[in-house]
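Peer 1: Below is the structure I would like to discuss, written out as structure tokens.
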Amino acid sequence: EHAQWVPQYTVEEVMRAHAQSLPGVQVRFNTELQSFAQDEGGVQVVLRDLRAGTQESVRADFLVGADGARSSVRDGIGAKLEGTYGLSRNYNIVFRAPGLAKAHAHGPAIMYWQVNDEAPSLIGPMDKGDKWFFMPTAIKPGWKLEAGDAPALIRQATGIDLPYEVLSTDEWVASRFLGTTYRDRRVFLAGDACHLHPPFGGYGMNMGIADGVDLGWKLAAVLEGWGGVQLLDSYERERRPVHEMVLDEAVANHSVLGNQLWQPGLDDDSDAGQAMRSAVGARIQAAKMREFTTLGVMLGYRY
């Protein structure tokens, strides 16, 4: 099966529906973890219903913090993220543009890389209904993008003059971070709570799911009595080397963006310009095949 380009919100809807169909699973939205405390027998968790404003105390055998980059569970076990902050500052803009798919001669793709001096960026279709994303990469220090300025920047980057309806704009920073520890006794970290990397390569969901698989069967083994508690020590030992390897791949992918590929004269209609484009094309083939042909990164590791 060829890879499919599916928006994250669509994937999340499918996952949510499946999770809610499982016996013994309860999915709660508008619920906040306020605090937790653990002892030899379990973890006491205080939850707050944000709509009702009420609190509830829940007793659990284990707690898994899959609560993302700003993880409160990570803070609660005294773990830190160590690494490099601010590899680049970027924007993600979601917009609607009827007719954009047929307004260029490049044919259908999941992502177009725009290499220029004015607005090096990525752009691509997000979903049905003419919804697209636009991502200016490695923006200059001090530069801010207001939502009202986005249509003009899209026109500048694409050279295509259409009515662009901006739906959302978000600034984000690419970093490389790894947690100092993934566990304190009965409390564990998984996903972005214990590792963060540039999104180039699309490894984030794969890593989070693989964390859940590795930790999930081990917790099940302990709870069902066919695995000893020492088995839980292997979670971080197995996953950390994988995280290190994948973070290195993501940083390598991030090091070759349109910003690095651009050079003066690249779009000149001349022999020199053609030679320059051929050289940059060879660099793209070498660097980006590594990024987009990544089966070994996704599935090739062993414990």
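Peer 1: Show the residue pairs that are 6+ apart or on different chains and have beta-carbon atoms under 8 Å apart, the first residue being within the stretch 108-134 and under 15 Å from Ile284 (Cα atoms), the second being acidic (Asp, Glu) and open to solvent by 60 Å² or more (accessible area, probe 1.4 Å).
Peer 2: Asn116/Asp267
Peer 1: Taking the stretch 223-256, which residues are of a type in the set (Ser, Thr, Tyr) and within 24 Å of Ala138 (Cβ to Cβ)?
Peer 2: Scanning the stretch 223-256 gives a single hit, Ser255.
Peer 1: Taking into account only those residues within the stretch 180-235 that are of a type in the set (Phe, Trp, Tyr) and outside any helix (DSSP H, G or I), which is nearest to Gln44 (Cα to Cα)?
Peer 2: The selected residue is Phe188.
Peer 1: Among the numbered criteria (1) at pLDDT below 95; (2) more than 22 Å from Gly68 (Cα to Cα); (3) open to solvent by less than 40 Å² (accessible area, probe 1.4 Å), which single criterion is violated by Gly201?
Peer 2: (2)
Peer 1: If you don't mind, there's one more thing I want to ask. Which pairs have Cβ atoms under 6 Å, sit 6 or more apart or on different chains, and link a residue in the stretch 271-299 that is hydrophobic (A, V, I, L, M, F, W, C) to one that is open to solvent by 80 Å² or more (accessible area, probe 1.4 Å)?
Peer 2: Every condition considered, no pair remains.
Peer 1: Can you find a residue that is surrounded by 14 or more Cβ atoms within 10 Å (Cβ to Cβ), touching a residue at least 24 places away in the same chain (Cβ under 8 Å) and in contact with a Leu (Cβ under 8 Å, 6 or more places away or on another chain) anywhere in the stretch 255-266?
Peer 2: The answer is yes; a qualifying residue exists.
Peer 1: With the requirement that a residue be among the acidic types (Asp, Glu), assigned to a helix (DSSP H, G or I) and either over 17 Å from Ser175 (Cα atoms) or in contact with a strand residue (DSSP E or B) (Cβ under 9 Å, 6 or more places away or on another chain) (or both), what does the stretch 236-269 give you?
Peer 2: Correct list: Glu236, Glu238, Glu244, Asp248.
Peer 1: Quick test for you: out of Asp39, Asp117, pick the one residue that is within 30 Å of Leu145 (Cα to Cα) and either out of contact with any strand residue (DSSP E or B) (no Cβ under 6 Å at 6 or more places or on another chain) or of a type in the set (A, V, I, L, M, F, W, C) (or both).
Peer 2: Asp117
Peer 1: Then there is this: Would you check which residues across the stretch 207-253 are open to solvent by less than 20 Å² (accessible area, probe 1.4 Å), more than 14 Å from Met298 (Cα to Cα) and not small (Gly, Ala, Ser) and list them?
Peer 2: If the condition is that a residue be open to solvent by less than 20 Å² (accessible area, probe 1.4 Å), more than 14 Å from Met298 (Cα to Cα) and not small (Gly, Ala, Ser), then Asp214, Leu215, Lys218, Leu232, Tyr235, Asn253 are the ones that fit.
Peer 1: Sticking with this one: For the stretch 228-235, does any single residue satisfy the condition of being free of Cβ contacts under 8 Å to residues at least 12 places away in the same chain, out of contact with any helix residue (DSSP H, G or I) (no Cβ under 9 Å at 6 or more places or on another chain) and small (Gly, Ala, Ser)?
Peer 2: No, every residue in the stretch 228-235 fails to be free of Cβ contacts under 8 Å to residues at least 12 places away in the same chain, out of contact with any helix residue (DSSP H, G or I) (no Cβ under 9 Å at 6 or more places or on another chain) and small (Gly, Ala, Ser).
Peer 1: Consider Gln274 carefully, then state whether it is modelled with pLDDT under 95, in a helix (DSSP H, G or I) and more than 21 Å from the chain's Cα centre (by Cα).
Peer 2: no
Peer 1: Then there is this: Which pairs do you get when a residue that is of a type in the set (Asp, Glu), found in the stretch 10-33, comes within reach of a residue that is open to solvent by less than 90 Å² (accessible area, probe 1.4 Å), reach meaning Cβ atoms under 6 angstrom, with the pair 6+ apart or on two chains?
Peer 2: Glu32/Arg48; Glu32/Leu50
Peer 1: Which fully enclosed strands (runs of 3 or more DSSP E) of the stretch 38-154 have 2 or more residues being touching a Gly at 6+ places or on another chain (Cβ under 9 Å), among the small types (Gly, Ala, Ser) and open to solvent by 70 Å² or more (accessible area, probe 1.4 Å)?
Peer 2: none
Peer 1: Of everything in the stretch 1-51 that's in contact with an Asp or Glu (Cβ under 8 Å, 6 or more places away or on another chain) and of a type in the set (Ser, Thr, Tyr), which residue is nearest to Leu295 (Cα to Cα)?
Peer 2: Applying the filter and picking the extreme gives Thr10.
The values are calculated or read from the model by the stated rules, or taken from the named source; none is laboratory data. A quick note: this is a predicted structure, and the numbers were derived from the prediction, not measured. Reconstructed Cβ throughout: ideal geometry from the backbone, glycine too, with neighbour counts over all protein chains shown. Surface areas here come from the heavy atoms of the whole protein model, side chains and all, with no ligands, DNA or RNA. Shrake-Rupley method; radii C 1.70, N 1.55, O 1.52, S 1.80 Å.
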